[in-house]
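Contents: one structure, followed by commentary.
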Amino acid sequence: MTVIVDYRAGNLTSVRLAIEAVGGMVQVSSDPDTVAAADRVVFPGVGAAKNAMENLRELGLIDAVREAARSKPFLGICLGMQILFDRTEEDGGVDCLGILPGQVRRFPNVTGCKVPEIGWNSVSANAPHGFLNDGEEFYFVHSYYVELNPFTVGRTSYAGVEFASAVRRGQLFATQFHPEKSGRIGLALLRAFLNTPATEKQECPQC
Amino acid sequence: MLTKRIIPCLDVRNGRVTKGVKFKNNIDLGDPVEMAVEYSDGGADELVFYDITASAEQRPIDIGMVESVAKAVHIPFAVGGGISSVADMERVILAGAEKISVNSLAVRNPAIIADGAREFGRQCVVLGMDPVKSDTPGCPSGYEVTTRGYRELTGMDAVEWAKRAVDLGAGEIVVNSVDADGTRQGFELTITRLIADAVPVPVVASGGAGVPKHLIDAFNLARADAAIVAGMVHSKEWTIAQIKDEMHRAGIPTRLHW
């Protein structure tokens, strides 16, 4: 069973429908034990980082999310990618989960570049790894971005910044874009995620 | 590179997609879900549905339709018409829509923009507006906001209203020109450009698209971030792919693979 973590950070309907469309069995839950028992975990999120972190704390989900990100196939989406990192500039600066090393920053004000970035942008994929093909376009909605870091597997440019649009460490995968809203190419990514075999956590040397 | 979006607009009347000129002479075009799939498969970057009879009939929006669309297509779509409260917005969002478009309601009750943005995030709240050319002294831009399907003048300046809506929390502005709507003679570039230059959020050109050149002009001359098409694609005179091909040849960043 794939569990979508519900921590009151945005609408999960489209994520659920997209996973169901590629044949996945899904449960939406905010219960730490359910997350702990999941075969694989999807960690979406829309909205503000500060609220998101507070909700995770209130719901007692922080340890369950950390453990899931370490030990099973895990997909962070949008804000659910950003808060995996150390810290974000959003809301005057918020400490995040620190599962991955790096910073989240706001797009600079550049003439002609509206913030948030809303729309389809291309992803340059570093190396073949089963989820992304170089140059594919996905749907983005965000004002903050993750800086390039050692776990970057996809890069995208906007407002004069090249940022990490996809990261991977072992079974942990996360995207700034919304695969659930990215048509056929997005569904293919979700299908690839559902098909990754769950392996032992030793697979990932960094963990 | 961020691409310019093409957004087919589906006007829904009693559960069927229709097309009329300035809300008259409506012709039945098909089933909303089937058309959504067709356009999504054909390369549309986003969709917008207006439940055009909901407000007039004072009934809520057709949530069943929103749910069916959300199950069938996996690209962003916005829904407007028949929304009168944050609770209505929530129903639409939970049914799987990406965005809610408010128009006359926001003029009557601007707080709905702030409430919606607080509840669901700015990116969910689209302000639709129907400006018309005007020499009303209160409208220095030369464009006045109309409501209720162009039936009422508001005395509000279109550019000022766009700026205020963004301050309140609107994440995107759809500029639907009353004068150009349904004509297929091209977008109203002047007011689109005035608003695109005045607000920090994406602006969508709407009303008047007839040939690909009209979209190219909206992007290049009016600095729109997206453009709505209706009659030119509903009539099958143009496909989304053909429009994108022309855009690409004109040097406009365009999503070409889907």
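Which residue out of B:T53, B:T3 is closer than 28 Å to B:T154 by Cα, polar (S, T, N, Q) and touching a strand residue (DSSP E or B) at 6+ places or on another chain (Cβ under 8 Å)?
Values: B:T3 fails: closer than 28 Å to B:T154 by Cα.
Answer to the check: B:T53.
Among the residues in segment A:108-123, are any more than 19 Å from B:L2 (Cβ to Cβ) and either away from every other protein chain (no Cβ under 12 Å) or surrounded by 19 or more Cβ atoms within 10 Å (Cβ to Cβ) (or both)? No, every residue in segment A:108-123 fails to be more than 19 Å from B:L2 (Cβ to Cβ) and either away from every other protein chain (no Cβ under 12 Å) or surrounded by 19 or more Cβ atoms within 10 Å (Cβ to Cβ) (or both). Among residues of segment A:130-152 being more than 14 Å from chain B (Cβ to nearest Cβ) and closer than 22 Å to B:W258 by Cβ, the one that is modelled with the highest pLDDT is A:F131.
Could you list, in sequence order, all residues of segment B:198-225 that are hydrophobic (A, V, I, L, M, F, W, C) and under 13 Å from the mean Cα position of the chain (by Cα)? Before you say what the answer is, go through the steps one by one.
Applying the first criterion (hydrophobic (A, V, I, L, M, F, W, C)) to segment B:198-225 yields B:198-199, B:201, B:203-205, B:209, B:211, B:215-216, B:218-219, B:221-222, B:224.
Correct list: B:V203, B:V204, B:A205, B:A209, B:A224.
Filter segment B:168-195 for residues that are crowded, with 24+ Cβ neighbours inside 10 Å and assigned to a helix (DSSP H, G or I) and give the result. Hits for segment B:168-195 are B:I191, B:T192, B:I195. Entry remark, segment A:112-127: residues being out of contact with any helix residue (DSSP H, G or I) (no Cβ under 7 Å at 6 or more places or on another chain) and at pLDDT below 95 number 8 in total.
Contact annotation: residue pairs with Cβ atoms under 8 Å, 6 or more positions apart or on different chains, pairing a residue in segment A:168-184 that is farther than 17 Å from A:P116 by Cβ and away from chain B (no Cβ under 14 Å) with a partner that is in a loop (DSSP other than H, G, I, E, B) and not hydrophobic (A, V, I, L, M, F, W, C), are A:R168/A:H129; A:R169/A:Q206; A:G170/A:Q206; A:Q171/A:K72; A:Q171/A:P73; A:Q171/A:T196; A:Q171/A:T199; A:F173/A:P73. The set of residues in segment B:231-257 being assigned to a loop (DSSP other than H, G, I, E, B) and touching a Ser or Thr at 6+ places or on another chain (Cβ under 7 Å) consists of B:P253, B:T254, B:R255. Out of B:G30, B:G15, B:G80, one residue alone is within 30 Å of B:A158 (Cα to Cα) and more than 11 Å from every other protein chain (Cβ to nearest Cβ). It is B:G80. Residue pairs whose Cβ atoms lie under 8 Å apart, separated by 6 or more positions or on different chains, with the first residue in segment A:15-32 and of a type in the set (S, T, Y) and the second part of a loop (DSSP other than H, G, I, E, B), are A:S29/A:D6; A:S30/A:D6; A:S30/A:Y7; A:S30/A:R8; A:S30/A:L59; A:S30/A:L61.
The values are calculated or read from the model by the stated rules, or taken from the named source; none is laboratory data. Source: prediction; values computed, not measured. In this analysis, Cβ positions are derived from the backbone assuming ideal geometry, glycine residues included, and neighbour counts consider all displayed protein chains.
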